[in-house]
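See below for the structure under consideration.
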Amino acid sequence: MRIYRHLLSVSLALVGAALTSCATTNGDPSATVNTDAYSVVFQGSKVEVTCRRPMVLGDFLKMAQAVTGRVYIFKSPVPGGVRWEWVGTVNVERAEFDDFVATMLKVNGMTAEARRHGDVDFIEVIPFKRG
């Protein structure tokens, strides 16, 4: 039970921070989200994502939240101070963007696990256990 309380307190703090600073499309199916780290262009069910500079995990997950609508939590700081980046522009169906996020996490030694606490669904980002 102690772990769940800790996880809940960490998740609520991180979710609150992410939700207040996350870019939103306000339901516009053809919106554009621009930050100094990335650009996201929504075209109906498709999404185009461009990395402008290496970003910290929090910025990467804010981008993922803007695309997927999912809530991501993680424990900060991330070991090793990983910087997230890719070359080029990713063009995918919005529904397939989770695969891109999972690949980026795996490349950086992390994985995403779906969690549920009461009525709240979220994705927890944790170190990948090899073994």
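The values are calculated or read from the model by the stated rules, or taken from the named source; none is laboratory data. Remember, predicted model here, so these are calculated numbers, not experimental data. When we count neighbours, we look across all protein chains shown, and the Cβ atoms used for this are built from the backbone with ideal geometry, even at glycine.
Residues in region 101-131 that are within 22 Å of Tyr38 (Cβ to Cβ) and free of Cβ contacts under 8 Å to residues at least 12 places away in the same chain: Ala102, Thr103, Val107. Before we move on, is Ala64 modelled with pLDDT under 90 and of a type in the set (A, V, I, L, M)? No: the conditions fail for Ala64. Restricting attention to region 80-93, the residues that are part of a strand (DSSP E or B), within 16 Å of Lys62 (Cβ to Cβ) and touching a Lys or Arg at 6+ places or on another chain (Cβ under 8 Å) add up to 0. Output the number of residues of region 94-131 satisfying the condition of being farther than 19 Å from Trp84 by Cα, part of a strand (DSSP E or B), more than 13 Å from the chain's Cα centre (by Cα) and not acidic (Asp, Glu). So the answer is 4. Condition (residue is among the aliphatic types (A, V, I, L, M), under 22 Å from Ile123 (Cβ atoms) and modelled with pLDDT of 90 or more) applied to region 70-89: is it met by at least one residue? Within region 70-89 (the criterion being among the aliphatic types (A, V, I, L, M), under 22 Å from Ile123 (Cβ atoms) and modelled with pLDDT of 90 or more), the answer is yes, since at least one residue qualifies. Screening region 97-116 for residues that are surrounded by 13 or more Cβ atoms within 10 Å (Cβ to Cβ) and of a type outside the set (A, V, I, L, M, F, W, C) and picking the one that is farthest from Val49 (Cα to Cα) gives Arg115.
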